[in-house]
Structure formats: C-alpha cells, structure tokens
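Read-outs throughout are calculated quantities, based only on the coordinates presented, and are distinct from any laboratory measurement. The shown structure was predicted, so the numbers you read here are calculated from the model rather than taken from an experiment. Reconstructed Cβ throughout: ideal geometry from the backbone, glycine too, with neighbour counts over all protein chains shown.
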Amino acid sequence: MKSPAAPYSPSTHPPIIMNKLEVGSLYIMISIPFSIYFGKKKHIYATALPDDPDFPFCTYELMVSQGLSTEEFHWDLYWHASDSATDEPSLPNHNHPGLKRGGINEGSGVLYRLRPLETCPTTYTRDRLAITRVRSHAQLVGLIRVLTVPRAFIPHLTRYLDWMTAESARVAERSYVWATMAYYRARRHLFKIKGARDHTFNQFDISRFTAELLSFAYAEVPAALFLGGMGLPRPILGVAMGLLEEQDVEATRCERDELLRKQREEVGAVTACWYQ
C-alpha cells in the first residue's frame, strides 16, 4: 500500500475502514481516559482537524510531557496474535462461538499499556494483558492497524514486543509518542531480520501520521461516548502509512540486489553496499 502525498486531509484521503481484526497485525488502540469517560473530568473533543495547513501536528500533546496538561486519549498497543479466544496467542487455532455476550469474538491478543507510577515527575511502567474481544471494550474509540506480518513471524514479534515495550516505557513521557515509536521500532526490526534495511521508512512523516489518526479519533469519539457500554464492536482503520507485507520486503530486497548488480557490471566489484 503506497502512502499518499502529503499533506493529509480527510477530504482527499478517505479513511480505510477494515471489517475485522487480522492475525499477525499490530494496532494502535485509542481509548477515552477513565476520568473523561465517566465524567470526572470535563473535556470537549474537537470535531475535526484544524483548518490551518501548517498546524504543528508533530508537537501534538507536547504540553503533556512538560507537565502542563493531560492526554485526551489513551494510546495503547494491541497485538492480535491468534484467531482463537484463548489467553495464549501462540496456541493452535480452535473453533469458538463467533458471538458472545459483550461483543464479537475475533480471537485474542496482547494489550500493551502504559501505567503511571506515583512519582514526581510522572514516570511509567508497562502492563501486559492477555485479552479477548478487544473491539468491545467500553472506553475504546477505535483501532489503527499499522503493521502486519506473516504467521511464521508471530512468536518472534511477540517476544520482541514484550521486551521493547517494557524497555521503552522506562523513559516514556506520553502514551502517544510511546505507541508511535513502538510501531516505528517494530517495523525497522522486522526488516532487519529479513535481510533488508527499510530505508524508505526514514521518510516517515509524523505530522501526517498524527493527522490521520486524530481525524479518525475525533470522528469516532462521539459514538464511543454514547455506545461504549453496549458492547458493540468499534471500528478499525488501516492507515496509509506503514503496513509490513511480504511484497514490501521482497521489493526492498530486489532493489538492493539490483544496486549490487549494477556495481559489479560498472566497476567489477561491490564498492558500496548501503542498501543491505
């Protein structure tokens, strides 16, 4: 899937709404904080993105890290690792009822979430929770699919996410940056173990990525506030930036091989191999 040209606008880049969760996919999970959801804290959500094309989305929630504000959303990671409704994502598939009280059953996975510690300034630790029927969680606004891998890579990526999310939580200052950078690191890691450096991902545009996620979140938050306790499945967005598919890796490897071939033909040897 090619990333559309910047700048992002909902009018020119319609949302890619998906029908169901996919095994082997990593999602950014957007939820309404407890205090806002239950009315303990008043917060008025925007209904759309700012009209200013130069709005600095790259500094979204910067005041949170400076201790001047609190986050309007919780940004977690959900790793959908099995199509069976079990607590262990690596178990073989089984047939389970497709509909249970509290929401549809699309399998199970792991939720990675930051939890603030009672320190000043605030520091975080990472909770790891095995969950099912994630789309029916009461405070959930929606899920953003950011990465997909073949089933053979699920055990490896599970171990990597367990380690990486815990280590990065030690220095986290806000959940949005933590979740976004976890996606960035996971993608780079996967390309590396498949023998190809993801040079194209160095063009990752955090402003456009943030705008796309916020456009989706602001559009869905009214329904989440109204319907969240009814167990209805919340929507899934497939972002235009950053799905790791087999063809992505193969295209990267082919480009590397073509570069090496040209070097051998022109100079008789490989003089530089930056595209590994």
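The amide H of residue 239, built 1.01 Å from its N in the peptide plane, has 145 as neighbours under 5 Å, considering only residues 5 or more places off or on other chains. Using the Cβ atoms and a cut-off under 13 Å, what net charge is assigned to the surroundings of residue 33, where Lys and Arg are +1 and Asp and Glu are -1? For residues surrounding residue 33, the net value is +2. Per-residue 3J(HN,Hα) values for the range 115-131, derived from phi via the Karplus relation 6.51 cos²θ - 1.76 cosθ + 1.60 with θ = phi - 60°, read 10, x, 9, 7, 10, 9, x, 5, 10, 10, 10, 10, 9, 10, 10, 7, 9 Hz in sequence order (x marks Gly and Pro).
Label sites at residue 170 and residue 19, each approximated as a point 7 angstrom past Cα along Cα to Cβ, lie 4.5 nm apart. Each peptide among 111-121, 16-26 gets the average number of other Cβ atoms lying within 10 Å of its residues, and from highest to lowest they stand as 16-26, 111-121.
Give the calculated FRET efficiency between residue 192 and residue 230 to the nearest 0.05, with a Förster radius of 45 Å applied to their Cβ-Cβ distance. Rounded to the nearest 0.05, the efficiency is 0.55.
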